[in-house]
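Worksheet: one structure, shown below.
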Amino acid sequence: MTKNKLNIIQASITVLNKDPSARIETIAETAGVSRRTLHRHFSTRDDLLAACAEWIMAEVLNDVTNATQTYKQPLEQLKQIFKDDISKGQYFEFCQKFVAHFEDKTIQAKFNQMTQLFQGALDQAKTQGIIDKALSNEWIEYMWMGIVHGATRALAEGVVAPKAVHELAWNTFAHGLINQTDK
């Protein structure tokens with residue numbers, strides 16, 4: 001991927017999170033390119049949104065894959081995934097705003113692969129007694145995303161220091177869902 005294309009995608013995510021109806025000119029300006037350059041890479045707004053969705057899903061899948069391959073223990077895997085998710089909280093905000101652009105089969109395949117890896121870590125944590133088996137993975141995912149959303153909003157509003165947000169968010173998750181002896 002060219003540097004211009006990546007800049008456009010990243011600028012789009014930032015700009016459209018703030019204003020979902022932002023003009024293409026605003027995105028191009030934020031990316032440091034001309035409108036013409038933007039249109040050379042993405043002929044329509046839908047093309048741009050689809051590229052953002054595909055890039056986000058590839059990034060998140062990469063993070064989850066790295067965490068599950070790097071760490072042996074499910075708690076370490078989950079903590080790293082959580083840290084990555086909070087660092088990329090704006091991606092999750094984008095996904096919620098432009099959910100229709102994540103219905104592409106390629107994106108869904110990556111999403112399903114990421115979900116399997118994540119739920120595998122949750123299942124291992126349950127098997128080891130780290131997380132209560134009575135909690136469904138779906139419930140845990142909603143709680144997880146709620147904390148990621150809260151951390152992202154707190155960062156955006158300046159309520160929490162960037163250096164403190166990961167530990168605060170993890171502690172919130174851990175105190176709510178992880179058995180006390182395993183934190």
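Just checking, which of 11, 100 is open to solvent by less than 50 Å² (accessible area, probe 1.4 Å) and either farther than 30 Å from residue 129 by Cα or in a helix (DSSP H, G or I) (or both)? Spell out the reasoning first.
Numbers: 100 fails: open to solvent by less than 50 Å² (accessible area, probe 1.4 Å).
Among 11, 100, only 11 is open to solvent by less than 50 Å² (accessible area, probe 1.4 Å) and either farther than 30 Å from residue 129 by Cα or in a helix (DSSP H, G or I) (or both).
Contact list please: Cβ distance under 8 Å, first residue in region 22-42 and closer than 13 Å to residue 10 by Cα, second residue open to solvent by 80 Å² or more (accessible area, probe 1.4 Å) and of a type in the set (Lys, Arg), pairs at least six apart or on different chains.
28/35
How many residues are modelled with pLDDT under 95, open to solvent by 60 Å² or more (accessible area, probe 1.4 Å) and in contact with a helix residue (DSSP H, G or I) (Cβ under 8 Å, 6 or more places away or on another chain) if we restrict to region 40-56?
The qualifying residues number 3.
With the structure loaded, tell me whether residue 107 is open to solvent by less than 60 Å² (accessible area, probe 1.4 Å) and farther than 15 Å from residue 85 by Cα or whether it fails that test.
Working: open to solvent by less than 60 Å² (accessible area, probe 1.4 Å): yes; farther than 15 Å from residue 85 by Cα: yes.
Criteria met by residue 107.
Out of region 24-34, which residues are at negative phi and part of a loop (DSSP other than H, G, I, E, B)? If you could, list the steps in order and put the result at the bottom.
Let us first name the residues in region 24-34 that are at negative phi, namely 24-31, 33-34.
Scanning region 24-34 gives 33, 34.
I'd like the full set of residues that are in contact (Cβ under 8 Å) with a residue 40 or more places away in the chain and touching a Gly at 6+ places or on another chain (Cβ under 9 Å), limited to region 166-183. Talk me through it step by step, then tell me what you get.
Of all residues in region 166-183, those in contact (Cβ under 8 Å) with a residue 40 or more places away in the chain come to 166, 169-170, 173, 177-179, 182.
Once the filter is applied, which keeps residues that are in contact (Cβ under 8 Å) with a residue 40 or more places away in the chain and touching a Gly at 6+ places or on another chain (Cβ under 9 Å), region 166-183 yields 169, 179, 182.
What do you reckon, is residue 59 within 27 Å of residue 174 (Cβ to Cβ), open to solvent by less than 70 Å² (accessible area, probe 1.4 Å), touching a residue at least 40 places away in the same chain (Cβ under 8 Å) and of a type in the set (D, E, K, R)? I'd like the intermediate steps shown before the answer.
Values: within 27 Å of residue 174 (Cβ to Cβ): yes; open to solvent by less than 70 Å² (accessible area, probe 1.4 Å): yes; touching a residue at least 40 places away in the same chain (Cβ under 8 Å): no; of a type in the set (D, E, K, R): yes.
The answer is no for residue 59.
List the helices (runs of 4 or more DSSP H) that sit entirely inside region 35-89 and contain at least 2 residues that are closer than 18 Å to residue 148 by Cα and not hydrophobic (A, V, I, L, M, F, W, C). Walk me through how you get there before you give the answer.
Working: elements: 35-41, 45-70, 74-87.
Helices (runs of 4 or more DSSP H) meeting the threshold: 45-70, 74-87.
Condition test on residue 124, is it of a type outside the set (A, V, I, L, M), part of a helix (DSSP H, G or I), at pLDDT 95 or above and surrounded by fewer than 18 Cβ atoms within 10 Å (Cβ to Cβ)? Full working, then the answer.
Values: of a type outside the set (A, V, I, L, M): yes; part of a helix (DSSP H, G or I): yes; at pLDDT 95 or above: yes; surrounded by fewer than 18 Cβ atoms within 10 Å (Cβ to Cβ): no.
No, not satisfied.
Residues being among the hydrophobic types (A, V, I, L, M, F, W, C), open to solvent by 30 Å² or more (accessible area, probe 1.4 Å), under 17 Å from residue 122 (Cα atoms) and over 18 Å from the mean Cα position of the chain (by Cα): count how many of those fall in region 137-183.
Number of matching residues: 0.
The values are calculated or read from the model by the stated rules, or taken from the named source; none is laboratory data. Just so it is clear, the model here is predicted, and its values are computed rather than measured. Counting neighbours? That spans all protein chains shown, and the Cβs are built from the backbone with ideal geometry, glycine included. We work out accessible area using only protein heavy atoms, side chains counted, and drop any ligands, DNA or RNA first. Shrake-Rupley method; radii C 1.70, N 1.55, O 1.52, S 1.80 Å.
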